[in-house]
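Here's the structure, in structure tokens; my notes come after.
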Amino acid sequence: MKLLKVLLPVLIDFGVFWTVVYFNMPDHPMRIGEIGNGNLYSLMAYFSLFWALLLADGILTQYLIIIPLWNWVKHKGARARFIAGVCIAMVCILFAGALSYIIWLPEEGYSPLLSFWWYMTEIQAVYWMVNFVVLYLLDRKRTNTESEQIEVEVAG
């Protein structure tokens, strides 16, 4: 079950992103020269070219950080879940801001920086929401199966 909790959320998230990139490829060819232009297509080109490295990073992050955090939070109260959610949101905002600042061209003004920052934050937020929904569904299924087995043993 632990292997499923590590792989399934990451594979579903990457499947969604891959689908978005795949359906945009005919309109915008994904080449290495597209990376670093500071727009949405440069991000998609980066994802399409380096998906294997990003997938390995996602699996390692899931295994080393998210699964232990999930196991800790699911046994805590609403306050701990809220604090963990706020911390993840702050990490999303900070990493999106840092990445946006790195690829931002100052001569274009602040509008591209802010719009790309917002978009990167949205991508990460969707990634983590899908991730946690899949983890919740996996744990809920496991809890329901365990409770059914206990009821059968008590009844028998």
Could you tell me which numbered condition residue 142 fails, if it satisfies all but one of (1) basic (Lys, Arg); (2) modelled with pLDDT of 85 or more; (3) surrounded by 13 or more Cβ atoms within 10 Å (Cβ to Cβ)? (2)
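Could you please find all residues in region 48-86 being β-branched (Val, Ile, Thr) and closer than 17 Å to residue 17 by Cα?
The first filter runs over region 48-86 and keeps only residues β-branched (Val, Ile, Thr), leaving 59, 61, 65-67, 73, 83, 86.
The one that is β-branched (Val, Ile, Thr) and closer than 17 Å to residue 17 by Cα: 59.
Got a sec? Which of 66, 102, 88 is over 13 Å from the mean Cα position of the chain (by Cα) and within 19 Å of residue 121 (Cβ to Cβ)?
One residue alone meets the criteria, 102.
The values are calculated or read from the model by the stated rules, or taken from the named source; none is laboratory data. All figures in this text were calculated on a predicted structure; none of them were measured in a lab. Methodologically, a virtual Cβ is constructed for each residue, glycine included, from the backbone with ideal geometry; neighbour enumeration extends over all protein chains shown.
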